Amino acid sequence: MTISLSRRAALTLRLALLLALAWLAGPARAGGSPAPSDIVFNGAAVTGCSYAAASQTYSCAALNNYDYFTIPSGYTVSLASSMSFDYNQRLTMSGTARLQSSGSLDIGDINPSNLKITGGSLAAGANFKIGSQAQTIVADVTAGSLTIGSGSATKITGSLTATKIAGSATATGAVNLASHVTIIGPISGAVVDTNSPVDLTGNITASVSFALASGSDLVGNINAPTVVIEASSTTVKGNIAASTKLTVESGNTVTGAVSGGDLKINAANSVINGNVTMTGDVDIGSSGTINGDLVARNVVTQSSEAFISGNALVNAITLNWHGRVGKVISCSGAGASGCSCVTNNSGYPTNGSAPGPVCGPAPPSGPHHIQISHPGSGLTCQPQTVALTACANAACTPPHYSASTAVTLSPGGATFTISGGVNNAASVKQGTAGTATLAATPAGLGTVCVNSGANNSSCAMQFSDIGLSLSVPDHIADTPQTLAVSALQKVGNNPSCVPLFAGLSRSINFNCGYTNPAAANAAPVPLLLGGVPLAANTSSACSAAGQNLTLAFNANGQASTPLQYAEAGQLGINAKYAPSSGSDAGMVVTGSTSVKVAPEKFLFTVTQKAAPNKLNPAAANAAGAAFIKAGEAFTATLSAVNHNGKVTSNFGKESAAESYTLKQMLVAPDPLSYPAAQNPALGSNFGAMSNGVATLASASWNAVGIFSLTAKLVNPSGYLGAGAANFTTSGSVNVGRFIPDHFNVFLAAPVKGVPMCANPANCAANEVPTVYSHQPFAVSLEAYGGAALDDSANLMTNYQGALAKKVDFSGWLAAGSLAPADKNPPTTPGGAGRVDDGIAAGVEPVSPGAGVFSGGRASTTLSYKFSSIDPAQKSKLSAPTTLYLRAADSDLASSARGAASREPALRVLSGRLQVGHGYGSESSPMPLTLRAQYWTGANYVYNRLDNNQTGYTLGTLSFANCQGKLQLANGDCNIALLGLQGSQVLRFTSGDARVMLRAPGKDKSGAVDISISDANNPIRDGDASHLNVLPFLPSVPGHIVFGVYRSGPVLYLREVY
């Protein structure tokens, strides 16, 4: 059975995760399920299951989907059917516990706090599913297929294997890892696919293909016929064997040996740190780099700057523009000589010197030499562990020679294989006391030694019949450890050691010495044994005199004492028992060991460069706290720190200095849902480590959102080649949230005469557009970064969706002014003005007229409102006021930038609509003129600039003070006689609009006061009695008389009939 999740499906899983989070308090049990029982599979009887005591195995037809289950170490529960766990269930496993199903096994819905798997194994004949939520387990998983969901913190520690068996045919199944999944352990399957990004630690084995998604990290070896490392910011620390083809897309880094069929390195800036051995062809894209030797058939370096740092053994090679081979090109084809296989289009001459091609015989293959690291002493009754390194250069700096190398050690004659450059578990043995010289064969490789006990390069090891065997694990700096000490001796021909001190206490002298870094460079941090510093003073970790500690040896001759060291590096620890009196007087018993201590992690500190030097809030998403403006400078430090967060200043001082790789990765907006987003380019780099700290003096990111910085140890063998998983030092931090540097505000060009200008179609450059108070007008807004030029490159296209915040507008007496008295003018007896509506946060308008951002731009409709525009309250009216529109979001990003502010000027008027007076026949429709006016500060004047062609449908008229036959007996107006002549639409030309009143009818003469009103549009000045079809032009009544004719000579008069 094969499960494959596309990127769209991965997004769907994220939605499902969000829905699941809505009921994290735990859903009620459906259908009235019984109360759960705590069932422990510890050898006792379990209802519905049979138990085989010999194998400690329970066989169950099925398990209830509401009970709590505990499987202790050593016990197996085998299910004859599929099993899906409920959210409220509990599953606890540890040690070697095993849960297996012949069908599917789904633990993905268990509440993460109820899932406690700290060891053991899980197996499913069909599909195994985990990670519908953020779940963590430590277990090996074997299944027909694996579905690992996109819970943001899903983490599996253990091996993953997917295999499908159908009858007599065997086929491998698929493994698909959703984005943001972390796996610690090996993975195997047919097609192993990943979604961006994942974090994997362990070897990958695929029988068909493996694809590592963009932005992912892998520490481990890859073995698959076809391998694709997808662009970009993807890192691999381990060897890659791709028998058919390896594709390394742009912007990626591989640190390790590469072998297989064909190799294609796409442009640009991809790097392979290690030797490359291919049986097929190699195509290196622009700025692609191989830091190592290359063996291949036909090679092409594309234009430009492709580079092979080591030797190239090839059938043919084409060097296009500025393509280079750092060392020697050797032509492997029949009859080839010199540079006969080289096509040189690099622009560099073929004259036998760099940077042009240099050709010659192939250099010898294999490591430069073998380095043996040893403690300087050992016992004749047991093997002594030593570490082997296949060095690729004279300095033995990584990357080491990575191909398998078999060496035979003496004394002892045992053969060991060095794979990946290091073997920390080799050993030597000598059965007689005396000094032996360590050596590795075959001859010709050369042997170099590191004596950690004496802190020198001697290959001499002293074997004794009695001695102290010391051991302490390589560990993380400043974590409590235990130094184990065994007092052992050889007795007769016994092949094994026996206790020297059994059930006795002895005072042992301990001292230590720096191995790496050298004593002159190491930090003065003491090594503590039993809480006692071995140094004579605090200026050193070690001293020759050391300290005496009394140890109690048990019946097996074993004792221990606490050890703690807060720095990084490698130390040699020596022990000596040489009493001058007592029954052991004259006895000299010695022993030594070495220990490697690594930083726990890399720690970033990011700070705003200018005052107030704000500390990076490390926002997780768009809802997180704001940091600084786009384009604003920040500083950062990268520190190698110990378990308690203190800097390990020895990091970077090693004889072959350890270093780090740095990667930036976009966090918000999500690159999956916003493909146009780009990984950040900071324009600057961290420097080299100095006393455990690297500094980024000044950098900036001219974009809105959040990015992450991730640092990882370069050494693929772990810190100082220790190889342990926790020695692969790394650290990460989110940087942001970055907000826009500023907004630019624009008034839209006049549409249908709004805003008002002398030319209705356009406003002249020196003309201030004009609107009435309360009148809607259109604006647009653009978000920009901190670059000098507000062009398309500086537009904050990320400012949209959840990153775009609510924007409010205000009016100011001057562009860029910050004086409180200048805000929202004018101040009148009625109060200050205000701007209504704005830009909504996120993706959905929150009020009528509000717009949203898309690609850094937004448009909306605003209105500026004086405190009152009621014509009846002239003392509260505002004179024409010119103001400048300002935008500011909830993060305080603003359009106010002093003289650089882009805040458009707008003149605002207190307007009214004067209904004209008129008279005429009661038998004929009467034209009525409506005139736009504005308040000058002293009186109302005719506004000839008003050419508003929007078209406002006139709903109703208000009638008052009816006289004559227009009045009913009760004094009210006879509405049946009054009204508009059909449907009427208001459009203004040079300040006037005209409507037609219908005739009351013959003999229905009289007078009436008419206002333009609409009960659905109350004027927004707090007085609900003022109702107007145009809220920005409150109506003033006109007096109309029906049945009165104009005076003067009349040539002809006829009643309408």
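Quick note: the coordinates plus some simple rules give every number you see, no bench work behind them. Remember, predicted model here, so these are calculated numbers, not experimental data. Every residue, glycine as well, gets a Cβ built from its backbone with ideal geometry; the counts of neighbours run over all protein chains shown.
Order the peptides 256-265, 403-412, 430-439 from the highest to the lowest mean number of other Cβ atoms within 10 Å of their residues.
256-265, 403-412, 430-439
What does the charge count around N424 come to, taking other residues whose C-beta lies under 15 Å from its C-beta (Lys +1, Arg +1, Asp -1, Glu -1)?
0
7 Å from Cα along Cα→Cβ at both A552 and S580: what's the point-to-point distance in nm?
About 2.9 nm separates the two model spin labels.
Once you put a point 7 Å from the Cα of N644 and another 7 Å from the Cα of A802, both along the Cβ direction, what distance in nm separates them?
3.8 nm
Determine the shape class of segment 755-807: with a ≥ b ≥ c the square roots of the Cα gyration tensor eigenvalues, call it rounded for a/c under 1.5, and otherwise prolate if a/b is greater than b/c, oblate otherwise.
oblate
Could the peptides 556-566, 966-976, 215-225 be put in order, highest first, of the mean number of other beta-carbon atoms found within 10 Å of their residues?
The peptides rank, most packed first, as 215-225, 556-566, 966-976.
If you compute semi-axes √(5λ) of the Cα gyration tensor in Å for the structure shown, which of (i) 66, 35, 29; (ii) 116, 36, 26; (iii) 82, 35, 30 do you land on?
(iii)
Determine the dipole magnitude for segment 232-363: charges of +1 sit on the beta-carbon of Lys and Arg, -1 on that of Asp and Glu, nothing else is charged, the reference point is the Cα centre, and the result goes in debye to the nearest 20.
120 debye
Quick one: if the Förster radius is 35 Å, what FRET efficiency do A362 and A793 give, using the C-beta to C-beta distance and rounding to 0.05?
The formula returns an efficiency of 0.10 here.
Under Stokes-Einstein, with the Kirkwood radius over Cα pairs standing in for Rh, what whole-number D in µm²/s applies to segment 514-654 at 20 °C and 1.002 mPa s?
The Stokes-Einstein estimate is 114 µm²/s.
Using a Förster distance of 60 Å, how high is the FRET efficiency between T882 and D1003, based on the Cβ-Cβ distance and rounded to 0.05?
The pair T882/D1003 has a calculated efficiency of 0.65.
What does the charge add up to near L263, with Lys and Arg as +1, Asp and Glu as -1, over the other residues with Cβ less than 10 Å from its Cβ?
Net charge in that neighbourhood comes out at -1.
When only Cα pairs under 8 Å and 6 or more residues apart are kept, what is the percent relative contact order across segment 366-464?
Once normalised by length, the contact order is 36 percent.
Just for the chain, what percent of DSSP beta bridges are antiparallel, to the closest 5?
Antiparallel bridges: around 55 percent, rounded to the nearest 5.
Please work out, to two decimal places, the log10 of the ratio I(q)/I(0) at q = 0.14 Å⁻¹ from a Debye calculation in which every Cα of segment 366-464 carries one identical scatterer.
Ignoring solvent entirely, the Cα scatterers give -0.46.
What do you get when you divide the Cα radius of gyration of segment 912-1042 by 2.2 N^0.38 Å, with N the number of residues?
Rounded to two decimals, the normalised Rg is 1.06.
I need V595, V751 ordered by Cβ neighbour count within 10 Å, fewest first.
V751, V595
Sorted from largest down, what three extents in whole angstroms do the Cα atoms of segment 232-363 have along their principal axes?
Its Cα atoms span 38, 27, 19 Å along the three principal axes.
What does the C-alpha gyration tensor say about the overall shape of segment 587-675? Classify as rounded when a/c is under 1.5, otherwise prolate if a/b is larger than b/c, or oblate.
Prolate.
To the nearest 10 degrees, how steep is helix 7-21 against the longest Cα principal axis of the chain, on a 0 to 90 scale?
Helix 7-21 sits at roughly 80 degrees to that axis.
Mind sorting M996, M689 by how few other Cβ atoms lie within 10 Å of their own Cβ, fewest first?
Ordered from fewest to most neighbouring Cβ atoms within 10 Å, M996, M689 come out as M996, M689.
T47 to A484: extension gain in nm, 0.36 nm per residue of separation minus the Cα-Cα distance?
The span from T47 to A484 would gain 152.6 nm if fully extended.
Classify segment 601-738 as rounded, prolate or oblate from the Cα gyration tensor: take a ≥ b ≥ c as the square roots of its eigenvalues, call it rounded if a/c is under 1.5, otherwise prolate when a/b beats b/c and oblate if not.
It comes out prolate by the Cα gyration axes.
Could you calculate the contour length gain from N621 to A395, that is, 0.36 nm times the residue separation minus the distance between their Cα atoms, to one decimal place in nm?
Extra length available between N621 and A395 comes to 76.8 nm.
Once Lys and Arg get +1 and Asp and Glu get -1 on their Cβ, which of N252, Q570, S37 lies farthest toward the positive end of the dipole of the chain?
N252
Please tell me the relative contact order of the chain in percent, rounded to the nearest whole number, where contacts are Cα pairs under 8 Å and at least six residues apart.
Value for the chain: 4 percent.
Pairs K823/K874; K245/K596; K116/K806: which are spaced more than 31 Å apart, C-alpha to C-alpha?
Pairs exceeding the cut-off: K245/K596; K116/K806.
Could you give the nm distance between label points at A545 and S304, where each point is 7 Å from its Cα heading toward the beta carbon?
Computed distance between label sites A545 and S304 equals 6.6 nm.
All other residues with a Cβ under 13 Å from the Cβ of T92 taken together, and with Lys, Arg as +1 and Asp, Glu as -1, what is their net charge?
0
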